[in-house]
1. Just list whichever of Lys162/Lys208; Lys208/Lys239; Lys196/Lys216; Lys105/Lys208; Lys196/Lys264 have alpha carbons separated by over 22 Å in the model shown.
2. Output the Kirkwood hydrodynamic radius of segment 150-197, Cα pairs only, in Å rounded to one decimal.
3. Using a Förster distance of 25 Å, how high is the FRET efficiency between Asn118 and Gln210, based on the Cβ-Cβ distance and rounded to 0.05?
4. Just to verify a number: FRET efficiency for Ala231 and Asn92, C-beta to C-beta distance, R0 = 41 Å, to 0.05?
5. Top to bottom by accessible area (1.4 Å), largest first, where do Ile294, Ile254 land?
6. For Asp321 and Met177, what is the calculated FRET efficiency with R₀ set at 56 Å and r taken between the beta-carbons, to the nearest 0.05?
7. Count the net charge of all other residues whose Cβ sits under 10 Å from the Cβ of Val45, scoring Lys and Arg as +1 and Asp and Glu as -1.
8. When the convex hull of the C-alpha atoms of segment 153-229 is computed, what volume per residue in Å³ does it have?
Amino acid sequence: MVPRVSLLLQATVLLTLSGCVCRAESKNYKCSIINEAGFCFVENVYLDVSTNGIGGDSSADMRVQFPRHPTLLIKSGAIPYFGKDIFALLGNTRQLHVYNSTSIKHLFIPVSNLTEINVQRNGLAEFDVEPMENRELKMLSIVHNGLTSVPRNIRFLVGLEKLYLYNNSLEYFDLEMLANATSSLKILSIYDNHIKTLDSRSALHFPKLQTLSLSKNKLSFVPYLDESFPAVTVVSLRKNPWNCGWLHTIMQYIEARKIQVVRKDASCRDRWISEICCTYTVLDFMFDRQAAQIHRQQQLLRNVSHENQRLVDTVHQLADDLHRVQLQLEQLPQHSTGRSTSDARTSDDNV
């Protein structure tokens, strides 16, 4: 009997502990404060979530509830995988902010009713977007993180108006990824990265984009900049190794359109154009050499054209002189004939 009682006691203890664990899995987060701007601050959010669901186990039954508030700010905690399961817990939230001390390793953005997502200083190295058309999300900000690339699926954010990806580690950015948002995008901010190449194509236009921030990258030129952003009013260009030839051309366009250039370079090692630094490369040397040669050829053509015009004027003058001489010659015989006839008549009268 003793062993059976012992077993029963052990089972009872295990069931009790299991109940405690289950109760411990229930998390009901509340607003620690609601500031004047209407932000609901939620602190110490620790959710061990994997791609398999809450807790990383489909058999787990974690009950998590966030405040039903339109603007939620998760201030601290750790959510290694911030994906569909977490977004599904947000209820009626429309603006989500995840700041500073909240660690995130991977962010997956599903189709939801969120209009704004702002993630900053989280140690985030990658994110992805659900491959379904998303017209609700208007603002995406992933800044002060460690992104090295932008996923192709960002093209499914067709209603995007503002995209902030500054202060990351991007080396390449293709505007083609935003082709589905050309009719809505107003702000593109990708400054303070390591971008060497900003790809585009001639027929890709963003007619509503007004602000373009490219400062503090490794760009030497931007293809079709004057064609792709016809409505831009504000640009930032400083701290890039711009090609001097390209920068000279684009600054003429910017100044002619009265586009505001914010935060210009304070000093330059090589050259600067309109207070923006540029690097004088071999390409610039070849460009300047070719430009000088073209200028000399144009000057020669102007000189030849001027000489030709002088020759034409001289020929016209000679033609006019010749015409006057011909008129004079035509008049001389008529005058002599008239004088002889008069003399003949006088002689007849005398006879």
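The values are calculated or read from the model by the stated rules, or taken from the named source; none is laboratory data. A quick note: this is a predicted structure, and the numbers were derived from the prediction, not measured. Neighbour counts are summed over all protein chains in view; Cβ atoms, including those assigned to glycine, are modelled from backbone coordinates with ideal geometry. For the accessible areas, the whole protein counts, side chains as well, though only heavy atoms, and no ligand, DNA or RNA atoms are used. Shrake-Rupley method; radii C 1.70, N 1.55, O 1.52, S 1.80 Å.
1. Cα-Cα > 22 Å for Lys208/Lys239; Lys105/Lys208; rest within.
2. Over segment 150-197, the inverse of the mean reciprocal pair distance is 11.1 Å.
3. Approximately 0.80, to the nearest 0.05.
4. With R0 = 41 Å, the Cβ-Cβ based efficiency is 0.75.
5. Listed by decreasing accessible area, they come as Ile294, Ile254.
6. Using R0 = 56 Å, I get an efficiency of 0.15.
7. That works out to +1.
8. Convex hull of Cα atoms, per residue: 80 Å³.
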